[in-house]
1. Students often check this: by mean Cβ neighbours within 10 Å, which of 221-234, 56-69, 403-416 ranks highest, and how do the rest follow?
2. So how far, in whole Å, is the C-alpha centre of the stretch 355-434 from the one of the stretch 233-286?
3. Using amide H atoms built in the peptide plane, which far-off residues or other-chain residues are under 5 Å from Ile19 H to H?
4. At a Förster distance of 60 Å, what's the computed FRET efficiency of Thr82 paired with Ser337, Cβ-Cβ distance as r, to 0.05?
5. Nearest 20 debye, what's the magnitude of the dipole of the stretch 165-434 about its Cα centre given +1 on Lys and Arg Cβ and -1 on Asp and Glu Cβ?
6. List the residues, sorted by chain then number, that are 5 or more residues from Glu70 or on another chain and whose placed amide H is less than 5 Å from its amide H.
7. Mind giving me the FRET efficiency for Thr169 and Ser398? R0 is 30 Å, r the Cβ-Cβ distance, nearest 0.05 is fine.
8. From Cα pairs below 8 angstrom and at least 6 apart in sequence, can you work out the relative contact order of the chain, rounded to a whole percent?
Amino acid sequence: MTSTIKVDNIQNQCGANIINESSNTITIGASGDTVTLASGASQSGFGRTGTVDWQTGSIKTATFTATSGEGYFCNTTSGTFTMNLPAGSAGAIVSVQDYNNTFDSNALTVDPNGSEKINGGTGGDPVELNTEGQGVTFVYIDSTVGWRSIQDNTYATQGQVFITATGGTITTCGNDKIHTFTGPGTFCVSTIASTPANNQLSYSVVAGGGGAGESASGSGHPGGGGGAGGFREDKSPVTPYTASPLEGAGTINATVTGFPITVGAGGGGGSGPTGGPGVDGSNSVFSTITSAGGGGGGTGSNPGTGRGGNVGGSGGGSGSSNSPSVGGGAGNTPPVSPPQGNNGGPGAQTSGKGGSGGGATAAGSQTPDGNQHLGGCGATTSITASPVTYSAGGAVASNGGAGTTNRGNGGNALTNGCGGAGGSGIVIIRYKFQ
């Protein structure tokens, strides 16, 4: 038995229409109502209005196959992967959005499914989404065009959050990048951060150490140790590492430009038949910061007066002689705050008593007992992720030797012989990049 109910309106108990038919238009639900399909029920024939249901509870991080009517946030931070489109049927729709602004570094590949096309291209050819912050909606039209991108937007961030730069040898430590220059180069900044604090750069600028003075042949009076290259450092509040006691040389903020980098060479050691002084180290430069080369050590002499050490970032030690003591060279020359170095040690009127070179955190010395004279202490910083000491003064010792390369150490003086060369400097720049 077939029954037919003919009505224009179905009302709720309050008398409001919940189903209404008028002039072939059927309205379901009263004003303010929500019409919901029961669990397990499905709709057919209503079509879509160019929108998708975004799958916010399932961020995609690996290759997957999309379902028509859904939108996906894809996170390519860990690497590239592929979104396979569903089988093409007229009206099918899929959307995708760069989740964390990484499509520019790790692209998302979109595969059209079998021999289907994308935007009328070659059947089966995928496309890459490789623009930061990119989002695209694809609708399947027909076999001629295939999947058509009807919306394509790019929205990265409210501004570049971090610095982007190149130059030197680049390493990372946590959220920081570290650029190390062991020779001349350019620190090139291509973008700066919209957050001012992220534009402040941490840096250490170390000049070349001075060479040690020579002991005149047969004199028994050693030359002075070379002064350390000047050491200057500043730490940004957003880069967490343990800086040296000399931190605070002055703020440098990144700008979109190339910063030329100068790395100072170490000075040569003194040599010659009658004794020669050490050669001064060369300056290192980054932006407004110049660290002065270390002063060369003085010559030991007998007879006569030993030569005093030269001035510099740290002063060179004075050579010894059979005449009254000669002072070491002045450090922190030219003067800056905090001081970039210290004075060299004085020579003495006796053999084996040359003055050692000044270091970044202590002056050179000359001890009365004839034992090895250690150079002035350097400065220890963890700007490269582990503690390293730079800019130590040159010692006076029986084994002599050159200062350490790219540490800015002064050359060591032999108790009888040629002086050691100073060590070259280094420039290190650190900033937050993520």
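1. Highest-to-lowest ranking by the protection proxy: 221-234, 403-416, 56-69.
2. 13 Å
3. Ile10, Gly29
4. 0.55
5. Its charge dipole is roughly 200 debye.
6. Amide H neighbours of Glu70, under 5 Å, 5+ apart: Asp53, Ser95.
7. Numbers: r = 36 Å, r/R0 = 1.20.
Efficiency, rounded to the nearest 0.05: 0.25.
8. Relative contact order of the chain: 14 percent.
Computed from the coordinates by the stated procedures, all read-outs in this text should not be read as laboratory data. All of these numbers come straight from a predicted model, not from anything done at the bench. Neighbour counts run over all protein chains shown; Cβ positions are idealised from the backbone, glycine included.
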